[in-house]
1. For the range A:27-39, give me each residue that is charged (D, E, K, R), surrounded by 11 or more Cβ atoms within 10 Å (Cβ to Cβ) and more than 6 Å from RNA strand B (Cβ to nearest atom).
2. Spot the failing condition for A:Glu86; the list is (1) more than 8 Å from RNA strand B (Cβ to nearest atom); (2) not in a helix (DSSP H, G or I), and only one is missed.
3. Of all residues in the range A:55-71, count the ones that are within 30 Å of A:Gly91 (Cα to Cα) and either in contact (Cβ under 8 Å) with a residue 60 or more places away in the chain or more than 6 Å from RNA strand B (Cβ to nearest atom) (or both).
4. Condition first: near RNA strand B (Cβ under 9 Å from one of its atoms), under 30 Å from A:Met96 (Cα atoms), polar (S, T, N, Q) and out of contact with any helix residue (DSSP H, G or I) (no Cβ under 8 Å at 6 or more places or on another chain). Can you find one or more residues in the range A:40-50 that meet it?
5. Given the conditions (1) free of Cβ contacts under 8 Å to residues at least 60 places away in the same chain; (2) in contact with a Cys (Cβ under 6 Å, 6 or more places away or on another chain), which single one is not true for A:Gly114?
6. What residue, among those in the range A:109-160 that are of a type in the set (Lys, Arg) and closer than 25 Å to A:Asp336 by Cβ, is farthest from the chain's Cα centre (by Cα)?
7. Taking the residues in the range A:212-254 that are among the small types (Gly, Ala, Ser) and within 16 Å of RNA strand B (Cβ to nearest atom) as candidates, determine which candidate is nearest to A:Thr381 (Cα to Cα).
8. Give just the number: which of (1) more than 8 Å from RNA strand B (Cβ to nearest atom); (2) part of a helix (DSSP H, G or I); (3) over 30 Å from A:Val111 (Cβ atoms); (4) of a type in the set (Gly, Ala, Ser) does A:Gly79 not satisfy?
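The values are calculated or read from the model by the stated rules, or taken from the named source; none is laboratory data. Since this is a predicted model, take the numbers as computed values, not measurements. For neighbour counting, all protein chains shown are included, and Cβ atoms are generated from backbone atoms with ideal geometry for every residue, glycine included.
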Amino acid sequence: MLDPRLFRTDLDFVREQLDRRSFAFDAESYIELEARRKDVQVKTQELQNERNTRSKAIGLAKAKGEDVQPLLNQVQHLGDELKAAETALAGIQEEMEALMEGIPNILDESVPDGKSEEFNLELGRWGDVPDFDFEPKDHVDLGAGLKGIDFELGAKIASSRFVVLNGPLARLQRAIIQLMLDTHTAEHGYTETYVPYLANAASMRGTGQLPKFEADLFKANNDPALYLIPTAEVPVTNIVRDEIVDLKDLPLKFVCHSPCFRSEAGAYGRDVRGMIRQHQFEKVELVQIVKPEDSSKAHEELTQHAENILEKLNLPYRKMLLCAGDTGFSSAKTYDLEVWLPGQGAYREISSCSNFKDFQARRLQARWRNPETGKPELVHTLNGSGLAAGRTLIAIMENYQDAQGRIRIPDALLPYMGGLDVIE
RNA sequence: GGAGAGGUGGCUGAGCGGUCGAAAGCGGCGGUCUUGAAAACCGUUGAGGGUUGAUCCCCUCCCAGGGUUCGAAUCCCUGCUUCUCCGCCA
């Protein structure tokens, strides 16, 4: 959520910024609603003041043993009038909240213009794209040949977009997760966390999945509503919801492995082949809670932490700066890391690292106490995949394959594979 | 699942219809003392919002949502949640 004060003090700036995202902001409705809010709020508070003053007078009179009946008569009609005003105000505030919650974050200055992903900016490439002297297979064919990936079984047990991994490939995915957790905790200073895989509506609201993106979630329970987490970002970032974090504890750096569940509504027909887009996948997530002044630097570092995993695995990738139109709702700035997939002959997203600045923190009421002002102020939140484990598995299979359809285990993963160095 | 006891400011914890946004302690901040620090002592210190040029002032908040009342942290209902005991269980 954006700062409501910004809307009152510099509406033109807001309008200009939202325009970069091609977000249709209805300024007229906002102005009208804000005017009503002000009017009704002032009136309500005046009535409340009158009630308080008069009630206090009654208490005082009673204490002195005076007859309070005349005073009681004076307040008779106040109740109904006040209740009506309070109800009206609550309605307007709800309307305002709904309006504000539907507005995306303001983009960082460095984010390039552009309406869609073709306008994303490539910042650099790392690693050598493998040059095979045979026709490389994609992970689907490789997996079938190794009897380690079974999509039909996934569909039988659950539905399409689910998969069953078997034997060494299942272990390889676990090894990938282990390497990531070990690297981020031992080398990058993150604290490993284990969190619930279901989250309530307040948590989903805090990180911005609700109210706008409910269709992308799996709902696991009504009353209370519980949703399967689409990413560990949700439970982990909500650690600081409604908290005032001690300055000495900042930055908070969490790493968390979890399964992720996404309904993929609106993705019909896209990436239907293989493990690229599943309803359930494993991911290691990095989350940082930092002082506002530190978030840009933290964003660069966090992205580098994800890159380090790709480099340890010797997987060729490129780093993209997402353009205005491709940057997510809550994010001010996002880097995507795209890994080379020989089976597709293309770079595909394997990590997305975002700086949300105070956008999530405002909804979360996640704050720190600024010693300079003595006041609680909003923190900045960031997160990034470090990395998506399922897609890492695919990338390793496709980049480390040989002509016989075997998969060599990357050196960095050997300690986790129990002596296995080739999957065949 | 059954029984009981709680949920109050950054933290601990008192208040249990009316000058209570809330005692006390801890912590934080400022000061006295000190070469400096500690200790001691004194002072100060909740959050959000409205209005304002800025102060003043006003409103809301004692888990959440309803209700009773002129007036609710305090009484009533519902829900959530924590702890203890019993049962069940990976």
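1. The initial filter retains those residues of the range A:27-39 that are charged (D, E, K, R), namely A:28, A:32, A:34, A:36-39.
Filter once more, so that each one left must be surrounded by 11 or more Cβ atoms within 10 Å (Cβ to Cβ): A:32, A:34, A:36-39.
Within the range A:27-39, A:Glu32, A:Glu34, A:Arg36, A:Arg37, A:Asp39 meet the criteria.
2. (2)
3. Step one: filter the range A:55-71 for residues within 30 Å of A:Gly91 (Cα to Cα), giving A:55-56.
Restricting the remaining residues to those that are either in contact (Cβ under 8 Å) with a residue 60 or more places away in the chain or more than 6 Å from RNA strand B (Cβ to nearest atom) (or both) gives A:56.
Qualifying residue count, the range A:55-71: 1.
4. Within the range A:40-50, the first condition is being near RNA strand B (Cβ under 9 Å from one of its atoms), and the residues that meet it are A:41-42, A:44-50.
From the residues that got through so far, the ones that are under 30 Å from A:Met96 (Cα atoms) too are A:41-42, A:44-50.
This time we only want the ones that are polar (S, T, N, Q), so: A:41, A:44-45, A:48-49.
Next, only the ones that are out of contact with any helix residue (DSSP H, G or I) (no Cβ under 8 Å at 6 or more places or on another chain) stay: A:45, A:49.
Within the range A:40-50, one or more residues are near RNA strand B (Cβ under 9 Å from one of its atoms), under 30 Å from A:Met96 (Cα atoms), polar (S, T, N, Q) and out of contact with any helix residue (DSSP H, G or I) (no Cβ under 8 Å at 6 or more places or on another chain).
5. Here A:Gly114 meets the rest and fails (1).
6. Our first condition is that a residue be of a type in the set (Lys, Arg); within the range A:109-160, this holds for A:115, A:125, A:137, A:147, A:156.
Within this subset, residues satisfying the condition of being closer than 25 Å to A:Asp336 by Cβ are A:115, A:125.
Numbers: A:Lys115: 21, A:Arg125: 26 Å.
Result: A:Arg125.
7. Taking the range A:212-254 and keeping what is among the small types (Gly, Ala, Ser), we get A:215, A:220, A:225, A:232.
If we keep only those that are within 16 Å of RNA strand B (Cβ to nearest atom) too, we end up with A:220, A:225.
Values: A:Ala220: 27, A:Ala225: 25 Å.
Here the answer is A:Ala225.
8. Of the numbered conditions (1) more than 8 Å from RNA strand B (Cβ to nearest atom); (2) part of a helix (DSSP H, G or I); (3) over 30 Å from A:Val111 (Cβ atoms); (4) of a type in the set (Gly, Ala, Ser), the odd one out for A:Gly79 is (1).
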